[in-house]
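Here is the structure we will look at.
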Amino acid sequence: MSDWSPSLYSRFEAERTRPSRDLLAQVPLEAPRRIVDIGCGPGNSTELLAARYPAAELIGLDSSPAMLAEATRRLPKARFETADANVWTPEPGTDLVFANAIYQWVPEHLTVLPKVLAALGEGSCLAVQMPDNFGEPTHQLMREVAADGPWAERLAGVARASLPPPRVYYDALTPHSRGLDIWHSVYNHVLDDAAAVVEWVRSTGLRPFLDPLNAGDRAEFLARYTASIADAYPPAADGKVLLRFPRLFIVAMR
């Protein structure tokens, strides 16, 4: 895929950062020495970690050069490096691995997450948040528009897989954990209109559908998708729309 766009991602920064706040609030560590923010993006989650744990060594990891550049500008005292979440495991001495909205992009994350947890020392923590919105209209309509157009063959199989039930994560992580907390939160983000819903997903879930298309097909895909989104997200009494957004949270103590 093309590189991530920090500016597009950050248009809804307050809404995107809220799950990071909610995840961090459940991390029970008092004074971790080394923290890794895997999938740090433009540094919004890293900034929360720096505020709560100012004495910790803080390392942000991402695969996007653009996101790493923005994170470095934002937090010059932290360390930011390139990493592939598909294969990354923490170095010895890491006390907290914080993973906000990254592992849903890792097809084999049910294999990767136990390895990440097992690599941590006793008393360390793995904190994970993943969007669980595969069944929401935003993502259902992506798949429907992709399957019904001249691009159908090119877009076959580009959608990320849905998340398994919480029990599957429980079974995968409990052998390596002395305490495991799993929960869902459903956010209802107030956005200006249906076009804002499209802008939200353009920087995340819609990217795999748009990247393979040429400019003409991309414009046509977006037009069809936007019309479908307008039907699926009618305005409230004040003209705003509510974007329902379920997320899965996991906090595992080693």
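Since every read-out is calculated from the coordinates, none of them should be taken as a lab result. In this text the structure is predicted, and so the values were computed from the model without any measurement. Cβ: placed from backbone, ideal geometry, glycine included. Neighbour counts: every protein chain shown.
Given the rule -39500 (n - 2.57) for each run of at least 4 DSSP H residues, summed and divided by the residues of the chain, what is its mean residue ellipticity at 222 nm, to the nearest 500 deg cm²/dmol?
Helix contribution divided over all residues of the chain: -11000 deg cm²/dmol.
Quickly work out the D181-to-A118 label distance, labels modelled 7 Å from Cα along the C-beta direction, and quote it in nm with one decimal.
2.6 nm
Given Cβ point charges of +1 (Lys, Arg) and -1 (Asp, Glu) and nothing else, what value in debye, to the nearest 20, does the dipole of the stretch 48-160 about its Cα centre take?
320 debye
Let me make sure I get this right: for the stretch 58-188, a, b and c are the square roots of the gyration tensor eigenvalues over alpha carbons, sorted descending. Under 1.5 in a/c it's rounded, otherwise prolate if a/b > b/c, else oblate. Which is it?
oblate
Net charge around I38, counting only other residues with Cβ within less than 11 Å of its Cβ (Lys, Arg = +1; Asp, Glu = -1)?
Around I38, the charge tally is -4.
Just to verify a number: FRET efficiency for Q140 and T72, C-beta to C-beta distance, R0 = 51 Å, to 0.05?
Efficiency for this residue pair is about 0.85.
Which stretch or stretches of the stretch 102-128 have amide N atoms under 20 Å from the point lying 7 Å from V168's Cα along the Cα→Cβ direction?
102-118, 127-128
Quick check: residue separation of R11 and E153 times 0.36 nm, minus the Cα distance between them. What number comes out in nm?
47.9 nm
Roughly what would the spin-label model give for A161 and V190, points 7 Å off Cα along C-beta, in nm?
Spacing of the two 7 Å Cα→Cβ label points: 3.9 nm.
When DSSP assigns beta bridges and you keep just the ones with both residues in the chain, what percent turn out antiparallel, to the nearest 5?
55 percent
Going by the alpha-carbon gyration tensor, a ≥ b ≥ c the square roots of its eigenvalues, is the stretch 44-98 rounded (a/c under 1.5) or, if a/c is not under 1.5, prolate (a/b greater than b/c) versus oblate?
Verdict is oblate for the stretch 44-98.
Taking θ as phi - 60°, what are the ³J(HN,Hα) couplings along the stretch 149-160 by the Karplus curve (6.51, -1.76, 1.60), each to the nearest whole Hz, with x for Gly and Pro?
Karplus-based 3J(HN,Hα) across the stretch 149-160 equals x, x, 9, 3, 5, 5, 9, 5, x, 7, 5, 5 Hz.
Counting just the Cα atoms, what span does the chain cover along each of its three principal axes? Round to the nearest Å and put the largest first.
Rounded to whole Å, the extents work out to 52, 39, 38 Å.
Report the local net charge at R21: Lys and Arg +1, Asp and Glu -1, summed over other residues whose C-beta lies under 14 Å from its C-beta.
-1
How much net charge surrounds A85 when only other residues with a Cβ under 11 Å from its Cβ are counted (Lys, Arg +1; Asp, Glu -1)?
-3
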